[in-house]
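Since the structure comes first, as structure tokens, the remarks are kept for the end.
The values are calculated or read from the model by the stated rules, or taken from the named source; none is laboratory data. Here the structure is a predicted model, which means the values were calculated and not measured. When we count neighbours, we look across all protein chains shown, and the Cβ atoms used for this are built from the backbone with ideal geometry, even at glycine. We work out accessible area using only protein heavy atoms, side chains counted, and drop any ligands, DNA or RNA first. Shrake-Rupley method; radii C 1.70, N 1.55, O 1.52, S 1.80 Å.
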Amino acid sequence: MNARNIAQRVATVTLLAITLSGCASGQKETRRFFWPQLPERPRIEWLAAYSSQLDFPKVGMRKFMSAIAGDEDPIRFDKPVGIKSDGNGKIYISDAGIPAVLVYDMVNDEVHLFGREMAPALFKWPICTELDNAGNIYVADAEQNVISVFTPDEKPLRSIDLKGIVIKVGNFAIDKDGRLILVDTRGHKLVILSPEGKLIKTIGERGDTDGTFNFPVAVTVNHKGEIIVGDAMNARIQIFDHDGKFLRKFGTRGDGPSDFQLIKGVAVDSDDDIYVTEGKGNKIIIFNTNGEWLLTVGGQYSALTSGRVAPGGFLLPEGIDIDKNDRIFVVDQLNKRFQEFQYISDSFLKQHPIEGYTGSEGGGTVTP
């Protein structure tokens, strides 16, 4: 994402999309929502919001069965906190309130509880889900202080006991070497484990200097192998190399469009732009890899009380994930849903020209 003049012009474009959004039931949106708005070069597109399986399109046999037998009882969110897409149509949402992991199968338009019949006994406070290169599924349970590992078909494989390593397991990521990179929020440190769960090293302590933390809450790894940490109470992002050496930082406390008040999640797209969910500001803030502000998406909006979809409107956004297709998934916690967006990279724009955008950047040359 090119930073040229973007930040100066697009910080507050979300309210139009929120105001013009349609009714919440049935995903009745007919227009497309972009940030920035056309005719500017679009960077992010809103795709959908999901509160239950009732939000899947009713087409074909699903539409027929709904007309004959009525809608099935929905599996709804209670306190969703984390989200992970496998890039092949399955999305895993950690819900600490149920407590369970909900699996959205976007290929078959189906929702089930992770582990199916085993689901009630699996978790007590699931907060984060990750996948390794083999497709194995890792779920962090904050109450049990353990990471449970499952096969791709949701069968138990092994567990990693974190007692004595972290005070309370929080968000974590898996890098290309299979290492587990954890934030110990209460321990104010970063923890690196081997693929087998053995401690490799811990990084940091409580403080506000480079390489120290004050309630770190989120972590991801970019394509260079750099470790990106959301250092919540220091209102900043810190970046480390593969071995945990401090590289750089950015962030300012405040209520401006690029400021932090309550960091909740971090993710990176295919261009290594950094996305930060800002819980108190109810927005996503996007920076390039050096910390230059590019774009702000969001605004406070209650979809539950308004009965409207409100594209890009949030009420405490938490977990965020960007998959191999540059699909962006964001937990919208107090609206009890997640929202789906698309990052429009130059290559994506070449393959999917957008009607109404007449610029040549990225090869998209389309006339209305």
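Compare His352, His112, His242 by solvent-accessible area with a 1.4 Å probe and give them largest first, with all protein chains kept in place.
Solvent-accessible surface, decreasing: His352, His242, His112.
Calculate, in whole percent, how much of the Cα-Cα pair population of segment 246-353 lies beyond 19 Å.
44
Can you pull out the trypsin sites (Lys or Arg not before Pro) in segment 274-326 that DSSP calls coil and that have at most 11 other Cβ atoms within 10 Å?
Loop-located and lightly packed - Lys324.
In Å², what does the accessible area per residue of the chain work out to with a 1.4 Å probe?
In whole numbers, the chain has 42 Å² accessible per residue.
For the chain, which whole-number percentage of the solvent-accessible area (1.4 Å probe, protein heavy atoms only) is attributable to carbon and sulfur atoms?
The C+S portion of the solvent-accessible surface of the chain is 50 percent.
Taking amide hydrogens as modeled 1.01 Å from N in the peptide plane, which residues meet the under 5 Å criterion relative to Thr185, leaving out close sequence neighbours?
Distant-sequence amide H within range of Thr185: Lys168, Gly170.
What is the spin-label model distance, in nm, from Lys245 to Asn214 if the labels are put 7 Å beyond Cα along the C-beta direction?
For the pair Lys245/Asn214, the computed spacing is 2.8 nm.
Let me see the P(r) profile for segment 71-118: every Cα-Cα distance counted, bins of 10 Å, each bin given as a percent of all pairs.
Answer for segment 71-118: a P(r) of 27, 57, 16 percent.
Treating cross-link reach as a plain straight distance, find the lysines whose alpha-carbon is under 22 Å from the alpha-carbon of Lys163, omitting any fewer than eight places away in the same chain.
Lys124, Lys189, Lys198, Lys201
Of Asn145, Asn133, Met118, which is farthest towards the positive pole of segment 109-181's charge dipole, taken about the Cα centre with +1 and -1 on the beta-carbons of Lys, Arg and Asp, Glu respectively?
Asn145
How much length is gained if the chain between Asn290 and Thr151 is pulled fully straight, taking 0.36 nm per residue apart and subtracting their Cα-Cα distance, in nm to one decimal?
Contour length minus Cα-Cα distance gives 46.4 nm.
In nanometres, what is the gap between the two model label sites at Leu47 and His223, each 7 Å from Cα along Cα-to-Cβ?
1.8
Please list 3J(HN,Hα) in residue order for segment 252-266, calculated via the Karplus relation 6.51 cos²θ - 1.76 cosθ + 1.60 where θ = phi - 60°; whole Hz, with x for glycine and proline.
Calculated HN-Hα couplings, in order: 9, 7, x, 10, x, x, 10, 8, 10, 10, 8, 5, 10, x, 9 Hz.
Quote to one decimal, in nm, the extra length available between Thr252 and Ala121 on full extension: 0.36 nm per residue of separation minus the C-alpha distance between them.
That pair, Thr252 and Ala121, stretches by 42.9 nm at full extension.
Does anything in segment 147-166 have its amide N under 17 Å from the 7 Å Cα→Cβ label point of Glu196, and if so which residues?
149, 158-162
For segment 176-188, take each phi angle, set θ = phi - 60°, evaluate the Karplus expression 6.51 cos²θ - 1.76 cosθ + 1.60, and give the result in whole Hz per residue in order, putting x for glycine and proline.
Running phi through 6.51 cos²θ - 1.76 cosθ + 1.60 with θ = phi - 60° gives 5, 8, x, 6, 9, 10, 10, 9, 9, 4, 7, x, 6 Hz.
For segment 290-299, in order, what is each residue's ³J(HN,Hα) by Karplus, 6.51 cos²θ - 1.76 cosθ + 1.60 with θ = phi - 60°, in whole Hz (x at glycine and Pro)?
After applying 6.51 cos²θ - 1.76 cosθ + 1.60, I find 9, x, 7, 5, 10, 6, 10, 10, x, x Hz.
Give, in nm to one decimal, the length gained when the segment between Lys163 and Asp73 is fully stretched (0.36 nm per residue of separation minus the Cα-Cα distance).
Gain on extension, Lys163 to Asp73, equals 28.5 nm.
Nearest 500 deg cm²/dmol is fine: what mean residue ellipticity at 222 nm does the chain get from its DSSP H runs of n ≥ 4 alone, each adding -39,500 (n - 2.57), divided by its residue count?
-2000 deg cm²/dmol
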